[in-house]
Amino acid sequence: MNVTPVIPRSTQTLTRVGVIGGGQLAWMMGGAARDLGLSLIVQTPHGSDPAVPFAADTVLAAIEDAGATAELAKRCDVITFENEFIDLDALSVLAQSGVCFRPRLEALAPLLDKFDQLCQLRDLGIPVPRFEALTRVGGDGDPDIDHGLGYPVVLKARRHGYDGQGTFIIPDAETLARTWAKFGYPPMLLQEFVPFERELAAIAARSVAGDVAIFPIVETVQEDQVCHRVIAPANIAADAAASMDAIARTLLKGLDVVGVFGIEFFLTADGRILVNEIAPRTHNSGHFSLDACETSQFEQHLRAVCGLPLGNPSLKCGGAVMVNLLGFEFAKSDDLQKREQLAAIPRAKVHWYGKTESRPGRKLGHVTVLIDADNPDIRQAEAEAIARRVEAIWYEK
Ligand code: ADP
C-alpha cells in the first residue's frame, strides 16, 4: 500500500488508537495503522470478529459496555468509532475525566438518532427531505396517524438502523398503521419519499487543525435499501459535485468534528441535492479508496484522529467500481473458489473480512476493480459491465 509519509505537526500526535467496534471497518483500519506506525486497540464482543487478529490489543466486550471502554482508554491515547451503537451518556462520564474521543461526543449526540440528526442538519442549513417524528400521543388504542408527507412515505427506526434494516417504503396509510403497530408504536421517523434519479455519497475528513479533504463523489446503487455497488467517480455535472463538496465542508465545519464522515445524498431529476443521512465514521461508499486513491479513507481517519496532516484523497486511476459481497445463505463456507474467480478479473482486488458465518445480506467482503477510461460515459459503462460480471460470479446469476 502507498502511504503518504508521516509528518507529525506537533507533539500532539497520538499513536495508540482505541476503536469501539471490531468489524470490517476496524479491520480495514488495521492495514493503514500498521503502515503509519500506529497501534490499534479494539473493543469488540467476539474473539472471532474481523479486526481482532490485526489489532495490537483487544478488549473483549460489547460495544455499549462503557466499563470496558474505560479499560480501553487506559491502553490508548485517543478513542474513535467504527460503529455508532454506543452508550453516549456513559461515555460522556469518561470524556469528563479526560478521555479523548474523536469525533467529540457532544457532536455525536444529535447524530445517533435519525430524527435528531435531520433536525441538526436542517439547523446547519443543509438541504434534507421533509420529515416528521412519529410519536404516540395519548393512551391505549390505535393512534391516529396524521402526517403531511403524502404517499409513498418512508418509515425509519430512529436508532440502530443499518443496511436498510429499519427502513420501510410504505405505500399507503393502512400499511403505515399496520407496520407501526407491528413494532408496538415506538417513536419513529417519517420522511417524504424522494423519487431520486441517483444516490451519491461523499467521504469527507476534517483534521485537528481544521483542514478538510473530500474524496471524489461516488454513485451508490442500492437494492432493497442495501448498498450493492459504488462507482467512483460519479458521472455527474461539475456543479453538482461542487455543491456536494460545499455541503460536506459546511457540515464538518458546522459540527466542529475531527475524523472521517460518510454523507449520503439523493440527486433528483430536476437537479436538487438532498442529504439522506450522515455516518460519523468511515463508510461503505468509501471502500474503493483502499485501492483507487492516494490515501484510503481508513488512513485518512487515522491521520485525522491522531492529529496528523490529512493525506491526498485523489484517485490514482481513471476510476473504480466496488461491489459488496453480500451473504446469500446461512452457511459457514469461506467461498474460496468464487473469491479466486473474482481475483482473476483484471485489476480486481478482493477484500475478504474473514467472518466465520454467512447470512443473507451480511457484508462478507468486497471487490474493487480499477478502471482506466478517462471518458466518463465509457467509464460508467465499463463499471456497470464489471459489476454485472462480479455479481454473476458471486450470486451465480
Ligand atoms: P440505513 O441507515 O439503514 O442505510 P437509509 O436511511 O440510508 O438506511 O435508507 C436505505 C436506503 O433506502 C437508501 O439508500 C435509499 O435507497 C432508500 N431510502 C431511504 N430514505 C429514502 C427516502 N426518503 N426516499 C426514497 N428512498 C429512500
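So the values come out like this:
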item	result
In the stretch 291-309, the residues that are in contact with a strand residue (DSSP E or B) (Cβ under 7 Å, 6 or more places away or on another chain) and crowded, with 22+ Cβ neighbours inside 10 Å	292, 293, 297, 300, 301, 302, 304, 305, 306
Filter result for residue 272 (charged (D, E, K, R), crowded, with 20+ Cβ neighbours inside 10 Å and within 16 Å of the ligand (Cβ to nearest atom))	no
Conditions (1) out of contact with any Ser or Thr (no Cβ under 6 Å at 6 or more places or on another chain); (2) modelled with pLDDT of 95 or more; number of the one not met by residue 333	(2)
So residue 178, is it away from the ligand (no atom under 15 Å from the Cβ), more than 30 Å from residue 253 (Cβ to Cβ), of a type in the set (Lys, Arg) and without any contact (Cβ under 8 Å) to a residue 12 or more places away in the chain	yes
Out of 163, 123, sole residue that is within 28 Å of residue 247 (Cβ to Cβ) and away from the ligand (no atom under 16 Å from the Cβ)	123
Residues being within 16 Å of the ligand (Cβ to nearest atom) and more than 29 Å from the chain's Cα centre (by Cα) - total across the stretch 126-149	2
Test set (1) surrounded by 14 or more Cβ atoms within 10 Å (Cβ to Cβ); (2) over 18 Å from the mean Cα position of the chain (by Cα); (3) more than 13 Å from the ligand (Cβ to nearest atom) - residue 173 fails condition number	(1)
Total residues in the stretch 181-204, condition within 16 Å of the ligand (Cβ to nearest atom) and open to solvent by less than 40 Å² (accessible area, probe 1.4 Å)	11
Where residue 165 falls short, out of the listed (1) within 20 Å of the chain's Cα centre (by Cα); (2) surrounded by 15 or more Cβ atoms within 10 Å (Cβ to Cβ); (3) of a type outside the set (A, V, I, L, M)	(2)
Any hit, the stretch 243-262, residues being open to solvent by 20 Å² or more (accessible area, probe 1.4 Å), in contact with a Ser or Thr (Cβ under 7 Å, 6 or more places away or on another chain) and either under 22 Å from residue 112 (Cα atoms) or among the hydrophobic types (A, V, I, L, M, F, W, C) (or both)	yes
Single residue of 238, 232 found to be more than 15 Å from the ligand (Cβ to nearest atom), open to solvent by 40 Å² or more (accessible area, probe 1.4 Å) and closer than 22 Å to residue 371 by Cβ	238
Cross-chain or 6+ apart pairs with Cβ under 6 Å, the stretch 151-168 first and on the phi < 0 side of the Ramachandran plot, then at pLDDT 90 or above and aromatic (Phe, Trp, Tyr)	152/193; 153/193; 154/193; 155/168; 158/115
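The values are calculated or read from the model by the stated rules, or taken from the named source; none is laboratory data. The structure presented is a predicted model; accordingly, all values stated were derived computationally and were not measured. No Cβ is skipped: glycine too gets one built from the backbone with ideal geometry, and neighbour counts run over all protein chains shown. Surface areas here come from the heavy atoms of the whole protein model, side chains and all, with no ligands, DNA or RNA. Shrake-Rupley method; radii C 1.70, N 1.55, O 1.52, S 1.80 Å.
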